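No lab work stands behind these numbers, since they all come straight from the coordinates. Small disclaimer: the values here were computed from a predicted structure and weren't measured. Note: ideal-geometry Cβ built from the backbone for every residue, glycine included; neighbour counts use all protein chains shown.
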Amino acid sequence: MGIAFILIGTILLFVLALKGYPVVIAAPLCALIVALGNGVDALDTYRTTYMGGAANMLITIFPIILLGSIIAEFYRAGGGATSIATALYNFSKKISKTGNTSVALTFIIINLMGLILAYGGINGVVVTVIIFPIALEMFKNANLPREIAPGVVLSGTITSALIMPGSPQLQNVLPMNLLGTTSTAGLVPGLVIGAMILIANIILLTVLTKKEIAKGNGFTTFDGMPNVAEDAKLPNPWLSLLPLVVVFALFNFAKLHVLVALFNGAILSALIFLPNYGGGKEIKPLSSKAVVDAGSLTLIVCALSAYGTVIAAMPSFSSISDALIGIPGPPLIKAAIAMMLVTAISGSGPAGIGTGVPMFASTFEAMGINMAALHRVAAFSGVSLDSLPSNAAVNVAARLSGYSVAKTYLYSFCTTVLTTSLGTLLVAILLTIFPGAA
């Protein structure tokens, strides 16, 4: 009965989120349902377990999200992100013999846009919003069905860029904090499988798109379609890359704390784009908007993480975790499956990692798993089963495309659930075969 209520609460959470109810309200409500179904005191569960889980996640992620949001806001208002994306778009037209980019080239360029910006520390959802108008322009240029655009954009913004070694995103940073590992743990397997995910996404979407084109489907416009800004004052794209490169270099080569790297990136982006976003008088309103955005995103992640904490505290969940650990096979494969399941229950990659790693780390360490290997597997699991229809990025991308989630989800599922879940298992297999690669 307890397990049944865990399933009921989790499904209800997905349904409420999909229907637009605030996760900050839906998550504690569903947690209370789970607690009551498991015969646990609901009020004590909310005050101690739920709020404790939310507070622990808040302490860990808020400074990272805040600094990332500040960088993103200066990049948005200063045109830095648009400059980089537009430069890649123009480059694709130059190397195309016809002047119109091919299907595969279109998808490669869009993935590069997302990869560069997200790998430089800008939140993946924010990057999705920034580059979507340019992606639609490229779809229009190549006459591709725009319901495929969300899957293409999300492939570049919320998959490999968040989980590969060296990424300053939460999916890579949280395992560092929880396991005491480095940003490049599992370096070679992480890079290889991360690249494979992107290549598989491009090939898979190219095949699906060509099938739609063969049916006569092409690009259609819609009311409210975002347009690419025609702005001659965009900053130089090479200069625009500088803050992102600095964040990456300070985090990975200088081995500074991620907060120090992001802080320097925020200061540098504020200075570089100063003439483009209107001067010093705009720093206050832009920073204020970044704080609001960061607060909203942090509350969502904390609410989902707290729900996962409640699930993990239920007496009935121990039978699920015991069953997972008892699965025959290599320990690292078990770890991958367990972490993916917790991610699915939590409904968020950072929430799944923040809940699952403390839950399983000591058990898997006793089985002989290298913590660096567990780090990379946990990071990959954070982009596996998190992108269900209730996922924020999935909903944002669908809205920007002018379609519903139902219309676009097949393509988003392929790039953010199917290939990433397979990638999680593959990285676990590689690290099992080559334990020294961790």
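The largest-to-smallest principal axis extents of the Cα set in the range 362-438 are 49, 22, 14 Å. With a Förster radius of 25 Å applied to the C-beta separation of Ala4 and Ser318, the computed FRET efficiency comes to 0.95. Rounded to the nearest 20, the size of the Cβ-charge dipole of the chain about its Cα centre is 880 debye, with Lys and Arg at +1 and Asp and Glu at -1. Of the DSSP H helices in the chain, those with a Cα length along their own long axis of 30 Å or more and a mean Kyte-Doolittle hydropathy reaching -0.5 comprise 51-78, 187-214, 283-313.
Given axes a ≥ b ≥ c from the Cα gyration tensor, I'd like to know whether the range 52-191 is rounded (a/c under 1.5), prolate (a/b larger than b/c) or oblate.
prolate
Could you tell me whether the range 302-383 comes out rounded, prolate or oblate from its Cα gyration tensor? Rule is a ≥ b ≥ c as square roots of the eigenvalues, rounded for a/c under 1.5, then prolate if a/b exceeds b/c, otherwise oblate. Here the range 302-383 falls in the oblate category. The structure-derived value of percent of Cα pairs over 39 Å apart appears in the list (i) 45; (ii) 33; (iii) 17 under the label (iii). Distance distribution note for the range 2-81: the fraction of Cα pairs above 21 angstrom is 48%. With an 8 Å Cα cut-off and a minimum separation of 6 or more residues, compute the relative contact order for the range 2-437 in percent. Reported relative contact order: 26 percent. Taking every C-alpha pair closer than 8 Å and separated by at least 6 residues, the mean separation divided by the residue count of the range 255-360 gives a relative contact order of 25 percent.
Applying a threshold of 19 Å to the alpha-carbon distances of Lys93/Lys211; Lys94/Lys211; Lys233/Lys284; Lys93/Lys140; Lys19/Lys140 flags Lys93/Lys211; Lys94/Lys211; Lys233/Lys284; Lys19/Lys140 as lying beyond it.
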